[in-house]
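Input: a single structure, listed below in structure tokens.
Nothing in this text is a laboratory measurement; each read-out follows from the coordinates by a stated rule. On a predicted model such as this, the values are computed, not experimentally measured, just so you know. Glycine also receives a Cβ, built like all others from the backbone with ideal geometry; neighbour counts cover every protein chain displayed.
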Amino acid sequence: MTYRNHFLSNLSPGEAAVFKPYLVEVTLRPGQHLHRSGEPIEQVYFPHSGIVRLAVAISARALIQAAIIGCEGVIGGVAALGQEEAFSDATVQVGGIASRMAVDKFRSTLRQSDEHVRDAVMQVELFCMAQAQQTAACNALHSAEARICRTLLEMHDRMDGKHIPLTQAALAASLGIQRTTVTLISSKLQKLGMLLCQRGHLHLVDRSAMERRSCECYGQVHGRFEQLLSPPKRMASLARESAGLAGNGGAPSSSQDKPRPHPSIAGPSIAATASAFNRSRVTG
Ligand SMILES: [Zn+2]
């Protein structure tokens with residue numbers, strides 16, 4: 001099998017052979033809970049397609065989206081860091097296919113694996129954390145319209161350019177925005193020729209225009225994707241960059257460890273990062 005999942009597809013043949021006996025291919029059904037906040041993580045999922053939403057409970061009835069994960073991520077990867085219970089609810093938003101692995105096998109496999117593999121899990125979790133932090137700021141500071149545009153762009157990236165099977169009601173619930181507000185903004189975006197809402201699907205008609213209406217959080221998150229996941233980098237290299245060091249006394253030991261330009265605060269251009277995100281996919 002050729003993996004589309006970013007983590008699995010970047011394993012060397014030897015590393016992949018260690019994981020393979022424990023991986024089971026499963027279908028992700030919309031609405032399916034992969035784990036719930038406060039409950040033990042029992043399975044780790046590596047999505048090849050589809051979108052999983054990580055959400056935190058604000059009240060008994062409201063779950064607000066903190067991050068979304070597609071083929072670039074791992075659901076339950078935090079278990080590798082020793083965390084037994086989930087911090088958030090992981091629910092399938094758009095159906096797809098994933099490889100699944102029992103959490104105890106995941107941990108034991110990582111213990112047998114090269115440091116590079118454990119670093120890769122760390123990078124995936126850091127990207128997820130970066131998304132959650134950006135979303136917290138986004139929810140506090142940015143308009144409902146900008147947040148809707150950002151979310152649609154992020155989902156569109158993970159749909160490989162296909163239409164997004166999402167109702168306005170589901171979009172409103174995910175973002176914690178009143179349904180009537182989402183309806184008003186969707187109508188406005190449709191009149192501007194940017195969006196088409198049809199039979200439970202959202203079609204991005206003019207993606208460039210939507211990028212201009214999104215808040216800067218979209219570019220920021222893609223900057224983090226570039227930094228952490230494209231291409232795979234060793235955590236030691238990341239740590240050296242964070243410390244402003246070139247590593248090995250200033251002489252990179254390999255091409256993989258070469259320091260890369262650090263994204264600016266504003267992040268690379270949205271078009272460049274979105275393109276990098278799509279290029280990084282491995283077609284199966
Ligand atoms: Zn924002």
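In debye to the nearest 20, how big a dipole does the range 91-130 give about its Cα centre with +1 on each Lys and Arg Cβ and -1 on each Asp and Glu Cβ? Walk me through the numbers on the way to the answer.
Details: 5 positive and 5 negative charges, 41 e Å.
Using only the charged Cβ atoms, the result is roughly 200 debye.
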Spatially proximal aspartates and glutamates relative to LYS188 (Cα-Cα < 18 Å; intrachain offsets below 8 disregarded)
GLU145, ASP206, GLU211
Set Lys and Arg Cβ to +1 and Asp and Glu Cβ to -1, take the dipole of the range 143-213 about its Cα centre, and tell me which of MET210, LEU152, ILE185 lies farthest positive.
ILE185
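If you rank LYS191, LYS20 by fewest surrounding Cβ atoms within 10 Å, what's the result? Before the final figure, lay out the partial values.
Values: LYS191 9, LYS20 16.
Fewest-to-most Cβ neighbours within 10 Å comes out as LYS191, LYS20.
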With charges only on Cβ, +1 for K and R and -1 for D and E, what is the dipole size of the range 59-208 about its Cα centre, in debye, rounded to 20?
660 debye
Can you sort VAL56, VAL94 so the residue with the fewest Cβ neighbours within 10 Å comes first?
VAL56, VAL94
Would you kindly derive the ³J(HN,Hα) couplings of the range 90-102 from the backbone phi angles with the Karplus curve 6.51 cos²θ - 1.76 cosθ + 1.60 (θ = phi - 60°), listing them in order in whole Hz, with x for Gly and Pro?
10, 10, 5, 9, 10, x, x, 10, 9, 9, 10, 8, 4
Projected label distance in nm at THR180 and SER59, using a 7 Å step from Cα toward the beta-carbon
1.6 nm
Using the Karplus curve 6.51 cos²θ - 1.76 cosθ + 1.60 with θ = phi - 60°, what ³J(HN,Hα) values do you get for each residue of the range 204-216, in whole Hz, with x for Gly and Pro?
7, 7, 10, 5, 4, 5, 5, 4, 5, 8, 6, 6, 5
Taking θ = phi - 60°, what integer Hz values does the Karplus form 6.51 cos²θ - 1.76 cosθ + 1.60 yield along the range 31-41, in sequence order, with x for Gly and Pro?
x, 5, 8, 8, 7, 10, 4, x, 9, x, 7
Relative contact order of the range 143-213 (C-alpha contacts under 8 Å, at least 6 apart) in percent is 37 percent
